[in-house]
Amino acid sequence: MNEGLRSELSKQGIFTTTLGDLYNWGRKNSVWPLQFGLACCAIEMIATTMARYDLARFGAEVFRPSPRQADLMIVAGTVTKKMAPQVVRLYNQMPEPKYVIAMGACAISGGPFKQGYNVLKGIDRFIPVDVHIPGCPPRPEALIHAFMTLQKKIDEQKLTGRDRPRHLDPDAPSEFPVPKFGEHDLIPSNNPAVWHAPKLVREG
Amino acid sequence: MNPQSAYLVIVVFLVAATAFSVAPLVLAWVWAKTYSPRKPGPDKNAVYECGLESKGDAWVQFRSEYYLYGIIFLIFDVETIFLLPFAVAFTHLPLGAFIAMIVFLLLLAEGLVWAWRKGVLKWS
């Protein structure tokens with residue numbers, strides 16, 4: 001159905017949609033996050049759910065205590081190398097479709113603790129992150145903005161075709177390798193399927 | 001309205017209720033078959049869901065001596081509840097009540113002695 005006919009019909013009071021749009025509309029308005037906080041960013045995450053910022057407006061107030069019931073993992077805080085395998089395992093235990101918001105400087109890059117020997121320099125080294133939020137910690141508005149960005153992303157996902165999302169593709173992996181504790185670092189130190197070291201481009 | 005058609009309403013209601021509850025399940029099944037592939041894995045199928053790997057077996061057995069020990073403890077635990085009003089009202093008690101209480105205490109003490117001599121309190 002083309003856009004012109006659709007808008008013509010909606011002027012007459014007839015609402016038309018596609019199965020994919022209906023599916024995405026339902027999904028984006030009921031994203032249930034995993035109840036899971038790692039550091040100070042979690043306090044801002046809690047504030048986001050409370051009455052002043054009210055994440056319930058976006059259908060996401062139901063923080064689930066079990067990964068089996070969650071759609072979204074908000075990595076709120078510093079991921080230490082001790083904690084990283086648990087975070088990856090929790091992500092693996094979430095059912096598809098699943099999304100990740102990396103909240104705050106620590107979760108996206110290690111943040112102020114980047115030089116620390118025991119701090120993972122960004123959770124995107126092991127699991128695919130959908131939305132990164134900078135900030136130390138990000139304000140609740142920033143988390144809400146990340147949420148709306150994620151909703152927009154979910155809304156644009158195709159149901160069929162080559163560019164459909166991972167959870168609809170039978171060949172795409174649902175679980176990601178859980179790193180092990182090594183002598184000096186996690187083994188492997190990153191997942192090359194989801195992360196590549198940034199290339200430094202030196203000019204002149 | 002004859003009696004048969006009065007029951008027809010219940011049949012219609014039963015069919016509607018069954019369809020109402022089964023239809024979402026069938027729809028979900030059809031949706032999963034058509035679009036959403038199953039992706040089981042060792043982590044997703046794991047029993048414990050707190051990020052840590054489970055160690056050992058959940059089917060732990062307690063020794064049977066533990067239950068005997070527990071029952072004897074429970075008996076004397078309940079006895080203290082009776083002892084408290086006994087102690088409060090002690091000076092005003094008639095002789096009959098006093099004797100009844102002493103018999104009760106001695107019975108329990110005898111039970112403890114019996115269990116002790118049986119070797120219940122010793123775990124080997």
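Before moving on, here are some points about what is shown:
- The smallest convex shape that holds all Cα atoms of the stretch A:140-186, its convex hull, gives 129 Å³ per residue.
- Dipole of the protein assembly as shown [Lys/Arg +1, Asp/Glu -1 at C-beta], most positive-end residue of A:G204, A:I101, B:T80: A:G204
- Take each residue in B:36-46, count the other chain C-beta atoms within 10 Å of its C-beta, and the mean is 6.
- Most mobile of A:G26, A:G104, A:G77 in a GNM of chain A (Cα contacts under 10 Å): A:G26
- Distance histogram for the protein assembly as shown (every C-alpha pair counted, 10 angstrom bins, percent rounded to whole numbers): 5, 17, 20, 15, 11, 12, 11, 6, 2, 1, 0
- Per principal axis, descending, Cα span of the stretch A:25-122 in whole Å: 42, 31, 21
- Long hydrophobic helices in chain A: the complete DSSP H runs spanning 18 Å or more by Cα along their own axis with mean Kyte-Doolittle hydropathy of at least -1.0 are A:140-155.
- Nitroxide proxy distance, nm - points 7 Å out along Cα→Cβ at A:R162 and B:V26: 3.8
- Per-residue shielding of A:85-98, expressed as the average number of other chain Cβ atoms within 10 Å of the residue Cβ, stands at 4.
- Other protein chain Cβ atoms within 10 Å, averaged over every residue that makes up B:47-53: 6
- Peptides B:22-28, A:123-129 ranked from most to least packed by the mean count of surrounding Cβ atoms within 10 Å: A:123-129, B:22-28.
- Size descriptor for the stretch A:66-172, Kirkwood hydrodynamic radius: 14.5 Å (Cα pairs only, one decimal).
- Separation of the B:A46 and A:K114 label points, Cα + 7 Å toward Cβ, nm: 3.1
- Within a Gaussian network of chain A (alpha carbon springs, distance under 10 Å), most fluctuating of A:D54, A:D169, A:D71: A:D169
- Rg/Rh for the stretch B:2-124, where both radii come from Cα atoms and Rh is the Kirkwood radius: 1.40
Rule-based calculations on the coordinates, nothing more; no lab input. Keep in mind that what you see is a predicted model, and the values were worked out from it rather than measured. Cβ sites come from the backbone with ideal geometry, for glycine too, and all protein chains shown count toward neighbours.
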